[in-house]
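Heads up: the structure comes next, in structure tokens.
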Amino acid sequence: MTQQHQNTRTLFVEDIAIDRGDKPVLEHVSFSLAPGALLWVIGDNGIGKTSLLKCIAGFIKPRTGRVLWGDENLHDTPAGSIAYQGHIDANKPMLSVAENLKFWHKLYASTGDITDAIERVGLSEQTRLAAGRLSAGQSRRLSLARLYLKRAPLWILDEPTAAMDERGRDIIKTLMTHHLDNQGSVILASHTKPIRMGKNTRVLSLNQGR
């Protein structure tokens, strides 16, 4: 797997506090993430895993604290070095699998190969099928192909195995392992038991405010 950018930056999350409406969700969350490292974010439902990931990705501003990608504050400057996959797959239902990826390929000015991306997520037989006709697991795989095409050094994944069968989970594991081996970084929120991947796997528990 070839990276579009050589990743030499460390992510710093410094004393983040996040509100949902007028209610505090998270307080005093800090960690760093070096190139080639994976961080599993775990915690009970509603505790703030998605809010934290959206904050790191730049979609939510923290009440206090800051998020730095190297020396770049992600809430002051949009970061093209981040690829985010949330609960919504963001696929265009009327476009085929290939057409969806052609759209994102052009938007990202990607140097990646669309056919290669489709093969890596196991959708070669669905290339001409409209995204709206894919199963939930296949739609998730198409979203992963978009992530792969962006070639961003930092991946932020919110429940990536949702609706996935065993084959889909194996595809995610393979993609993540390749990304980590090439000095990419990954933050992943999941209800599944954390597993060791790459050379540096850590766990952040948000239960009891930790």
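Each reported figure results from applying straightforward, stated rules to the coordinates on display, with no laboratory input. Keep in mind that what you see is a predicted model, and the values were worked out from it rather than measured. Backbone-built Cβ (ideal geometry, glycine too); neighbour counts: all protein chains shown.
Assorted remarks:
- Shown for Lys49, Lys54: other C-beta atoms within 10 Å of each C-beta, ranked fewest to most, produce the order Lys54, Lys49.
- Each residue in Asp76, Asp165 was given a count of other beta-carbon atoms within 10 angstrom of its own, and listing them fewest first yields Asp76, Asp165.
- Straight-line cross-link reach from Lys193 at under 21 Å between alpha-carbon atoms covers these lysines, not counting any fewer than eight positions away in the same chain: Lys49, Lys173.
- Proxy reagent accessibility, fewest Cβ within 10 Å first, across Glu125, Glu27: Glu125, Glu27
- Using just its DSSP H runs of length 4 or more, each adding -39500 (n - 2.57), the chain gives a mean residue ellipticity at 222 nm of -8500 deg cm²/dmol after division by all residues.
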